[in-house]
1. Compute, for Glu226, the solvent-accessible surface of its heavy atoms (probe 1.4 Å) with the complete set of protein chains present, and express it in square angstrom to the nearest 10.
2. Apply the Karplus curve 6.51 cos²θ - 1.76 cosθ + 1.60, θ = phi - 60°, to the phi angles in segment 66-75 and return the couplings in whole Hz, x for Gly and Pro.
3. Ignoring everything but the protein chains, give the 1.4 Å probe accessible area of Thr50 in square angstrom, nearest 10.
4. Excluding ligands, DNA and RNA, what is the solvent-accessible area per residue of segment 104-256 at a probe of 1.4 Å, expressed in Å²?
5. Residue-wise, which Karplus ³J(HN,Hα) couplings in Hz belong to segment 279-289, taking 6.51 cos²θ - 1.76 cosθ + 1.60, θ = phi - 60°, and x for glycine or proline?
6. Quote the FRET efficiency, to the nearest 0.05, computed for Ile42 versus Val285 with a Förster distance R0 of 30 Å and r equal to the Cβ-Cβ distance.
7. If you roll a 1.4 Å probe over segment 33-112 with all protein chains in place, what percent of the accessible area is carbon or sulfur?
8. Using 0.36 nm per residue, how much length does the chain from Lys128 to Leu181 gain when fully extended, once their Cα-Cα distance is taken away?
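The values are calculated or read from the model by the stated rules, or taken from the named source; none is laboratory data. Quick caveat: nothing in here was measured; it's all calculated off a predicted structure. Positions of Cβ are generated from backbone atoms using ideal geometry, with glycine treated the same way; all protein chains shown enter the neighbour counts. In case anyone asks, the SASA skips ligands and DNA or RNA and just uses the protein heavy atoms, side chains included. Shrake-Rupley method; radii C 1.70, N 1.55, O 1.52, S 1.80 Å.
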Amino acid sequence: AALVALPALRNFLDDPREGGCGCWPELARWRGNGRVPFLLAIALGGAGLTLAMCSILLRSLRDKFIVAAGVGLLNLFLFAVFLRPVIARVNAFFVLQAAFHVGTHGASFYFFTDSAKEFPSGPNFSPKFYVTTMGTVASLFSLVGMMCYSRFAKGWKYRALLKASSFAFMVVNCISAIVFLRWNLRVHIPDSVFMVASSAMQSVIGQLSWMPCTVMVAQLCPDGLESTMYALLSGSQNLGLFVSNYAGAYLLHSLGVNPTGHEDEGAQFANLWLATLVSACGPIVPLLLVDVLVPDLGQADRLLDEHEDPASATAGSLFERWCGKGEFDYAPFADKGGGNHAAMSVQQSESDPGIELARSDEPL
């Protein structure tokens, strides 16, 4: 990450220099459109601290999973109430998809790296092979996945691409259950060959699933709030991953998959294949809501309504509608010369003609 310091400091992108001290935030923007994203970021940080404290204080995996699920639902609720509807819906889809992809990586690590004493019939990979070789293969084929996306998939609509990539991702992850059942040895395919090929396929399909998410998140960032909103949406999706890890731990415990690295623990992996199938099929569940949560638009189309304030992350939110506002009245609009500020409300939809387009030239 430190490699980006030099291009940023030398301004390789030729960004214009802001007037005044550039190290301080623009308070007028924070008091207006940036207030809600900032407070949501604080709440998201509190959610992370809550999960960390629960991991330390709670012993039951079931209790930890319940707390994590509750925190995740609270996060979705806050986003749904205070952010633009399109932002809240898209965020909900990707958070749910991340949460339903329950994590089984901890048990898989023991399955592949246990020695012959610990798991006599296992693959018995060395940590170097499992981490370095397979990791390198995954990274290289991630680039292949990005090239496939650029060549074949960037013209697809969001819904079609998400459906196709999610089903493909389910298939390649279900294939991993074959090695946990040891069926690959019946057809004389070595574990190392099978896992390298499986890792390559998962990386390619994973990139095809991840790229539309990245494009949508970038499209959902209002003007002037790009870094804040991108970090906020990415953090929300990471919270979904935390929920998936707690769900995976509880699932593995419920299925009796509790490897610890002790000798002769092969029986601990008897149901690992079943946990893998649940993990692979989980991301398909949110597809039931894809037509509701994801706009039926192409990847080059604008997701934010161009008739609303382009600098607002809250225009049309449930909170504003409950308060009887078309948008934040305190959002400042100033001309380049520092002229009069004007607070403009978004024109009401035709379904509710009770509020008309209004403009006040009074300073805020």
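1. Surface accessible to solvent at Glu226 totals approximately 90 Å².
2. Once rounded to whole Hz, the list reads 4, 5, 4, 5, x, 5, x, 5, 5, 4.
3. Number for this one is 60 Å².
4. Numbers: 7320 Å² over 153 residues.
Accessible area per residue, segment 104-256: 48 Å².
5. Couplings: 5, 6, 7, x, x, 6, 4, x, 5, 4, 10 Hz.
6. Details: r = 30 Å, r/R0 = 1.01.
Efficiency computed from Cβ-Cβ geometry: 0.50.
7. Numbers: 2690 of 3620 Å².
With neighbouring chains kept in place, the figure for segment 33-112 is 74 percent.
8. Details: separation 53, 0.36 × 53 = 19.08 nm, distance 2.35 nm.
That pair, Lys128 and Leu181, stretches by 16.7 nm at full extension.
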